[in-house]
Amino acid sequence: MALPGCVDGLTRGSIGAAYRGTNSMKLIIAIIKPFKLDDVRDALTANGIQGMTVAEVKGYGRQKGHKEIYRGAEYAVNFLPKIRVDVAVDDNRVDKVVEVIANAAKTGQIGDGKIFVTGIEGAVRIRTGETDSDAL
Amino acid sequence: MTTTRALLSIALLVLGATPALAEAAPTIDTGDTAWMIAATGLVLMMTIPGLALFYCGMVRKKNVLATMAQSLLCTMLCSVLWVVCGYSLAFNGDGALIGNLDKVMLRGIGMDAIAPATKIPEILFMAYQMTFAIITVALVAGSVADRMRFSAFVWFAALWMLVVYVPIAHWVWGGGWVTPDAASMKPGILDFAGGTVVHLNAGIAGLVAAYVIGQRHGYGSENFSPYDLSLAVIGTGLLWVGWFGFNGGSALAANSRAAFALVATHLAASMGALTWMVLEWWTRGKPSVLGMISGAVAGLGTITPASGFVLPWHGLVIGLLAGAICFWACTKLKQKVGYDDSLDVFGVHGIGGATGTFLCGVFAVAAIGETAGLLEGNPGQLLYQFYGIVAVAAWSGIATVILLKLIELMVPLRVSKQSEIEGLDVTQHGEALQ
């Protein structure tokens, strides 16, 4: 997927550089219990993470769903509300950040969630045009 | 009404009034009138937005606006029809089964017209009764929510009000065959504010309509969990407060009886909600909000016929029984029998209305409503309550079936399966919540 051509010629040159494997960034996707969001945000902030993206999502894992009862009618609710936190970091910080999130989000009960780590091909800060690690 | 009429005749006898005096026109009481204007507003508030919110919060997101549209439609359409001929047919004339057409288009209701046996303007009595007709039709809509075609519902609301509500209001309140009349020693059913006319009537019609129209697509297998119970809680609050006008206003005067009815009403609502909550907590493990509001409405519907005939503490007993019996009807009876009464119009209003009408015959206190019940040594009243219940249920059930079958000849009663899955908001009204 090509990024829009309009970023070409910005201060740090073509975004194309990001595609040649010269960067090493990771996207950490954490699916956590909604009530743990504040703990996770505080822990990340305390460890120097300056930004994150949060979304309300629904899903289930081994926990499965739960039952809801309305005037005696039982419905199995398979998808439970969760919070998804996306954090982009440099490679060298991945282990630390994953540990911070895991510690902050853990209750020890079923349904605590999961953390996924995946590569990032490139990044741009829209306001300045900075790219890759500088844009994080 | 009957009480006032009886008191009036007794007073006239005691005074040994001359014919000229006896015919002296009663005057309008400003206190009574002020209260009844307020009560009229309270009862209208019960339908819009009270019932609209109560119902729409319990359906799925795709049917929220369509459910509110039914309450709105009833308000608009029934108001017009009530003025055109509904009021005259229900409350004018002494026919056993139906009134007459003398007051069509409010003909003859002038500035000085006073409602019979009251001290309020007749135009106000007409408006107050109009709000009862509106909410009764709107209540029925809950049983067929999620699947009835709007055009069919328009026909249904108009015809049902004229063919079912109006005659029954005449029988029970308007001087018809079961209206009691102390002056002529004519016994009849005690129904203070509409246990039979409003709640049993709507409940039976709802049950019948749920059978005729059939179960919702996916009933019993798909998740029908409510869109937003917080809306239903707001709606319940408006219904609860509005009910002070519904039952308190049925005294048709600003007096102690209105205040006694108001207190009994409030206690029954509280007790009904507590009972439902406790039963659910006990049998299901959690006290749900839907359970609390269902119990409150059950208590309110059940105390309605008795509210102006019993003592406040009777409201506690009636509320307790209402919570227990309606809980059983909504959670056990409905599943056992298998009808899909979407919002439990029968389970709450039908069962509650019948229960309350019966209990009114048990607890009635002569010092409050002139008529004694079983506990004061008048078991015969139970019989009158019973035949009132049977008569109203029979007419409501039979006439509703016939009306629905007639309407079906003109327009399908329910939407297509595809429209039902897509949702009534988009398919019936071209709008949707985003």
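The values are calculated or read from the model by the stated rules, or taken from the named source; none is laboratory data. Keep in mind that what you see is a predicted model, and the values were worked out from it rather than measured. Every residue, glycine as well, gets a Cβ built from its backbone with ideal geometry; the counts of neighbours run over all protein chains shown.
Would a scan of the stretch B:209-230 turn up a residue that is within 30 Å of B:Ser270 (Cβ to Cβ) and within 17 Å of the chain's Cα centre (by Cα)? No, the stretch B:209-230 contains no residue that is within 30 Å of B:Ser270 (Cβ to Cβ) and within 17 Å of the chain's Cα centre (by Cα). The number of residues in the stretch B:330-356 that are farther than 19 Å from B:Ser270 by Cα and either β-branched (Val, Ile, Thr) or over 16 Å from the mean Cα position of the chain (by Cα) (or both) comes to 13.
Scanning the stretch A:21-77 for residues that are within 14 Å of another protein chain (Cβ to nearest Cβ), assigned to a strand (DSSP E or B) and either charged (D, E, K, R) or closer than 15 Å to A:Ala105 by Cβ (or both) yields A:Lys58, A:Lys67, A:Glu68, A:Glu74. Name every residue in the stretch B:222-260 that is away from chain A (no Cβ under 14 Å) and of a type in the set (Phe, Trp, Tyr), in order of residue number. Within the stretch B:222-260, B:Trp240, B:Trp243, B:Phe244, B:Phe246, B:Phe260 meet the criteria.
Being away from chain B (no Cβ under 14 Å), under 16 Å from the mean Cα position of the chain (by Cα), more than 30 Å from B:Ala232 (Cβ to Cβ) and surrounded by fewer than 15 Cβ atoms within 10 Å (Cβ to Cβ) holds for only one residue in A:Asp86, A:Asp90, A:Asp112, and it is A:Asp86. Every test in (1) among the aliphatic types (A, V, I, L, M); (2) more than 30 Å from B:Thr179 (Cβ to Cβ); (3) within 27 Å of the chain's Cα centre (by Cα); (4) surrounded by fewer than 18 Cβ atoms within 10 Å (Cβ to Cβ) is passed by B:Leu383 save one, and that test is (2).
Apart from one condition, A:Glu99 fits all of (1) more than 21 Å from A:Thr45 (Cβ to Cβ); (2) exposed (fewer than 14 other Cβ atoms within 10 Å of the Cβ); the exception is (1). Of all residues in the stretch A:41-68, those that are touching a residue at least 40 places away in the same chain (Cβ under 8 Å), among the acidic types (Asp, Glu) and more than 16 Å from A:Asn103 (Cβ to Cβ) total 0. Among the residues of the stretch B:404-424, is there at least one that is acidic (Asp, Glu), touching a helix residue (DSSP H, G or I) at 6+ places or on another chain (Cβ under 6 Å) and within 21 Å of B:Leu73 (Cα to Cα)? No, the stretch B:404-424 contains no residue that is acidic (Asp, Glu), touching a helix residue (DSSP H, G or I) at 6+ places or on another chain (Cβ under 6 Å) and within 21 Å of B:Leu73 (Cα to Cα).
From the list B:Gly323, B:Gly295, the one residue that fits, being touching a helix residue (DSSP H, G or I) at 6+ places or on another chain (Cβ under 9 Å), within 14 Å of chain A (Cβ to nearest Cβ), under 21 Å from B:Ala364 (Cα atoms) and without any contact (Cβ under 8 Å) to a residue 60 or more places away in the chain, is B:Gly323. Against the numbered list (1) acidic (Asp, Glu); (2) at pLDDT 95 or above; (3) out of contact with any helix residue (DSSP H, G or I) (no Cβ under 8 Å at 6 or more places or on another chain), B:Asp94 comes up short only at (2).
Taking the stretch B:356-434 as the region of interest, the helices (runs of 4 or more DSSP H) fully inside it that hold 1 or more residues being within 30 Å of B:Thr302 (Cα to Cα) are B:366-369, B:380-410.
Could you tell me which residue of the stretch B:261-279 is farthest from the other protein chains (Cβ to nearest Cβ), considering only residues that are buried (at least 22 other Cβ atoms within 10 Å of the Cβ) and among the hydroxyl-bearing types (Ser, Thr, Tyr)? Only one residue tops the list, namely B:Thr265. Quick one: is B:Val241 among the hydrophobic types (A, V, I, L, M, F, W, C) and under 27 Å from B:Leu333 (Cβ atoms)? Considered against the rule, which asks whether it is among the hydrophobic types (A, V, I, L, M, F, W, C) and under 27 Å from B:Leu333 (Cβ atoms), B:Val241 comes out as no. Note on the stretch B:330-363: residues that are within 11 Å of chain A (Cβ to nearest Cβ) and not small (Gly, Ala, Ser) amount to 12.
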